[in-house]
Protein chains: 2
Amino acid sequence: MIAPQPRPTLNEVAARAGVGRGTASRVINGQAKVSEQAREAVERAIAELGYVPNRAARALKTQRTDAVALVIAESEERVFGEPFFAGIVRGIGAALGAAGRQLVLLLAQASERRGTLDEFLTRQHVDGVLLLSLHDDDQLPGRIREHGLPVVVGGRANPALETDFVDVDNVQGARLAVEHLVGSGHRRIATIAGPPDMVAGHSRYEGYAAALEAAGLPVDEALVAHGDFGQASGESAMRALLERSPAPDAVFCANDLMAAGALRALNDAGVQVPEDIAVVGFEDAPIAASTHPPLTTVHQSPEEMGREMVAMLLAAMADPTTPRPGRMLPTRLVVRASS
Amino acid sequence: MIAPQPRPTLNEVAARAGVGRGTASRVINGQAKVSEQAREAVERAIAELGYVPNRAARALKTQRTDAVALVIAESEERVFGEPFFAGIVRGIGAALGAAGRQLVLLLAQASERRGTLDEFLTRQHVDGVLLLSLHDDDQLPGRIREHGLPVVVGGRANPALETDFVDVDNVQGARLAVEHLVGSGHRRIATIAGPPDMVAGHSRYEGYAAALEAAGLPVDEALVAHGDFGQASGESAMRALLERSPAPDAVFCANDLMAAGALRALNDAGVQVPEDIAVVGFEDAPIAASTHPPLTTVHQSPEEMGREMVAMLLAAMADPTTPRPGRMLPTRLVVRASS
DNA sequence: GTGGTCAGTGGGAGCGTTCCCACAGGCCAA
DNA sequence: TTGGCCTGTGGGAACGCTCCCACTGACCAC
């Protein structure tokens, strides 16, 4: 190990700069009412001493921690395995870092969820909370807000909960995909929808139905199959769709993984993509570029979502009273060889 | 929002319990020299007031933060997409939570890596560092230790760096897999190895070669192909191996994703698994259970690895002088239908 | 009795900030 | 000249905790 570094304090900085503690503090916090001369002297002293404010002392005095919690409930822990959420975390990390905030990761165990939650509420070790949630019925946001901590929910949030949130515009994305299929001349457009109890599930279906209606096409129950966002479920859903008659000439899958499963089923069945049937996914996950054929899909930007979540939370922390509208991030279509 | 909660202080707890601040503090920190009577009174007061120590004040006084950083370098950010690392993070989160430590996530940008690093060293906002690293040449551990902060590296660490680490016993796992193939009567056992510049790559190859030697079988260069741990690379490597003659009767893949690719290539080529050729993977990733046929593979426990990393770091924090041996976690074979 | 030890206790000091108040000095209008 | 204001400044106080020292009163051995 190394010699313990004697961290300089504000007092030493002030002394070296030949000013008072107050003035030095004002410089550091960028407040007005400091002469140019004093400011320069303090800045020089800071640089020379390598001074960095002691966070604990600051937190003690200001009652703020400059830390933000990212809460991932146990049931959502698999998010780490999903590239989409990995991207969100990356965006969050970058944005918080740029804002000088620490990211405290909280993996809440279901069993001790209440306890864990109360802990960081009571200890007030964070100034705000970011929540990654998949489920409609999650009561967490409300509970956190009850304690006076700002919360922003990201990804697949339930708009019904009155909470600040950022989400991909699933409806618009699905419309984009279906409009593309319609525009390519397809008329019997099937869908492999996600679970209706997830926002991503039902709102993508909603967009699908809306696009069909807008094109004057009927929404045919025979062309709707459901999956659970897993590859295997996409495979079996596609098999089921192939048995319907007349067979669909296109299929919109609510995510890329199910689309990959569908491609597999089509391949097994000897159906040509995109000649016999066009396939479109949603998410633009890494897998989309490496399927056979490469998948046309709706692109969403997880990093942007993470950044937006942070921006919204910082705004909420700065001004808790003004209500903020939920933010829907636009999507765009990436056309590859499957359509 | 809600009425701002007036957090009780230690003073109020002491007053209510009818003792001095010192006694109350002793009770809270579990120190001896407190009468049973006083202890009970303080504990009752704590419960009644819902007192929780102020972390900032404690940190200011003790110079410790009770927080641990998990550093993920940008080049490793994709770890989030990997189930294995997701599991590690889960294990780390659980173990730190149980130890009453906060997990501060640091996604170090390559561009500002030095700055970010120095930041949390200087600010000493954490008491220790956990590092998830894939690359052999990473200088981070040394740099962090230079500043007197304990570090534990997890996953694919380079044993050559003199740093505390926890890793899966890749050599032993690979031996297990190959011994299983040998035991099933296979003689021309190929391997799809990972990149030699990753520990997981070369040490699994090492185990493969060692097991062959131990069985008196030659290590035939014609039976060795390389991939990059991605599915596509496994597919093309398998195709290459099929062209060698005589064809292998078994193949050990350095991870499950490449094994999945290999299965795909075999399926395309009309080769029966396991009748014509046996396939074994490494990792026991979720995908292993859903391939066709389900994959025999070497199981490793990422959660355990995360927990071990935390245990080692806590030990290092408690006693920085005693050197700790690197910890190799055992693996076990999971036999499914592909062998 | 006296002196020592020792469990148990109370409270001062100080960790490094920020906030705020007091105040110096310059300037302008009366 | 006097009063008022306004910019810039210094330093006391406090945030809530832990550490440590001083102290009390039992208890024991002499």
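Laid out as a table, the results:
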item	result
Chain B, dipole about Cα centre (Lys/Arg Cβ +1, Asp/Glu Cβ -1), debye to the nearest 20	1700 debye
Area of residue B:62 that stays accessible when all protein chains are in place (1.4 Å probe, Å², to 10)	60 Å²
All-pairs alpha carbon distance profile, region A:10-53, 10 Å steps from 0, percent	35, 61, 4
Chain A: most fluctuating residue of A:70, A:266, A:295 per GNM, C-alpha cutoff 10 Å	A:266
Between region B:260-339 and region A:210-265, the Cα center-to-center distance that results, in Å	34 Å
Of A:228, A:220, A:164, the one that fluctuates the most in a GNM where chain A has Cα springs shorter than 10 Å	A:220
Cβ-placed point charges (K, R +1; D, E -1), dipole of region A:10-53 about Cα centre in debye, nearest 20	160 debye
Of A:260, A:212, A:294, farthest towards positive along the dipole that unit charges on Lys, Arg, Asp, Glu beta carbons give region A:183-329	A:212
Principal axis box of region A:165-283, alpha-carbon based, largest edge first, Å	43, 31, 21
For chain B, convex hull volume per residue from C-alpha positions, Å³	188 Å³
Distance in nm between pseudo-label sites at residue B:275 and residue B:187 (7 Å out along the Cβ direction from Cα)	2.2 nm
Residue A:102 long-range amide H proximity, modeled H, under 5 Å	A:67, A:68
Nearest-ten-degree value, helix A:36-49 long axis tilted from longest Cα axis of chain A	80 degrees
FRET E, pair residue B:64, residue B:247, Förster distance 41 Å, beta-carbon r, rounded to 0.05	0.10
Fraction of antiparallel bridges per DSSP, chain B only, in percent to nearest 5	10 percent
Calculated FRET efficiency for the pair residue A:321/residue A:36, C-beta based, R₀ 35 Å, to 0.05	0.45
Area buried, chain A against chain B - accessible surface, total, 1.4 angstrom probe, square angstrom	3800 Å²
With Cα atoms, 0 to 90° folded angle of helix A:199-214 axis to chain A main axis	50 degrees
Reachable lysines from residue B:33, criterion Cα separation under 30 angstrom, eight or more residues apart if same chain	B:61
Heavy-atom accessible surface of region A:170-322: percent carbon and sulfur, 1.4 Å	53 percent
Heavy-atom accessible area per residue - region B:170-299, 1.4 Å, Å²	37 Å²
Rounded accessible area of residue B:175 (nearest 10 Å², 1.4 Å probe)	80 Å²
Percent of beta bridges antiparallel (DSSP, the protein assembly as shown, rounded to nearest 5)	10 percent
Projected area averaged over orientations for the protein assembly as shown, convex hull of C-alpha atoms, nm²	35.4 nm²
Solvent exposure, largest accessible area first (probe 1.4 Å, DNA, RNA and ligands not counted), of B:335, B:251	B:335, B:251
Label point distance in nm, residue B:49-residue B:9, each placed 7 Å from Cα along Cα→Cβ	1.0 nm
Antiparallel bridge percentage (DSSP; both residues within region B:170-299; nearest 5)	0 percent
Degrees separating the helix A:256-268 axis from the principal Cα axis of chain A, which is the longest one	30 degrees
Candidates A:247, A:285, A:269, ranked by Gaussian network fluctuation over chain A, Cα under 10 Å, top entry	A:269
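The values are calculated or read from the model by the stated rules, or taken from the named source; none is laboratory data. None of the values given here were measured: they were computed from a predicted structure. Cβ: placed from backbone, ideal geometry, glycine included. Neighbour counts: every protein chain shown. Accessible surface is based on the protein model in full, side chains and every heavy atom, while ligands, DNA and RNA are left aside. Shrake-Rupley method; radii C 1.70, N 1.55, O 1.52, S 1.80 Å.
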